[in-house]
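Engineer: One structure coming up, written as structure tokens, with questions to follow.
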């Protein structure tokens, strides 16, 4: 999430942000997972946005807090393209990130949107 946040808000390249992020991760598997998640989330952002948009009920992606938007995109990417990760795990991790780094209501909001996205994925 930090890498994606840095690319969106800090206007840095994903590659530059990944150098910093992956330096703090032990193990090649962990670093590979983070790279796949970052590049996949960026590559499929339009597809994720198309799925998320109709589920927002009165909101637009642009009006969402930046962290919520990033977490939803990551979650949808994982649900659709990293199917080896169980759906409840994807949703739970996204909810925990939203609760920790975004607004008071973000956890419930992310849970609702990703749960509906999972049913439609």
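The values are calculated or read from the model by the stated rules, or taken from the named source; none is laboratory data. Bear in mind that the values here come from a model prediction, so they are computed numbers and not experimental data. Quick reminder, even Gly has a Cβ in these numbers, built from the backbone with ideal geometry, and neighbours come from all protein chains shown.
Engineer: What's the number of the only condition in (1) in contact with a helix residue (DSSP H, G or I) (Cβ under 9 Å, 6 or more places away or on another chain); (2) closer than 21 Å to residue 35 by Cβ that residue 64 fails to meet?
Structural biologist: Condition not satisfied by residue 64: (2).
Engineer: Can you name every residue in region 31-68 that is surrounded by 18 or more Cβ atoms within 10 Å (Cβ to Cβ), in contact (Cβ under 8 Å) with a residue 12 or more places away in the chain and under 17 Å from residue 108 (Cα atoms)?
Structural biologist: Of everything in region 31-68, those that are surrounded by 18 or more Cβ atoms within 10 Å (Cβ to Cβ), in contact (Cβ under 8 Å) with a residue 12 or more places away in the chain and under 17 Å from residue 108 (Cα atoms) turn out to be 52, 67, 68.
Engineer: Let me ask something else. Can you pull out every residue in region 1-25 that is assigned to a loop (DSSP other than H, G, I, E, B) and closer than 19 Å to residue 82 by Cα?
Structural biologist: 1, the sole residue that qualifies.
Engineer: Another one. Checking the conditions here, which among 83, 103 is farther than 22 Å from residue 36 by Cβ and modelled with pLDDT under 95?
Structural biologist: From the options 83, 103, the qualifying one is 103.
Engineer: Kindly establish whether residue 1 is touching a helix residue (DSSP H, G or I) at 6+ places or on another chain (Cβ under 8 Å) and farther than 21 Å from residue 118 by Cβ.
Structural biologist: For residue 1, the condition - touching a helix residue (DSSP H, G or I) at 6+ places or on another chain (Cβ under 8 Å) and farther than 21 Å from residue 118 by Cβ - is not met.
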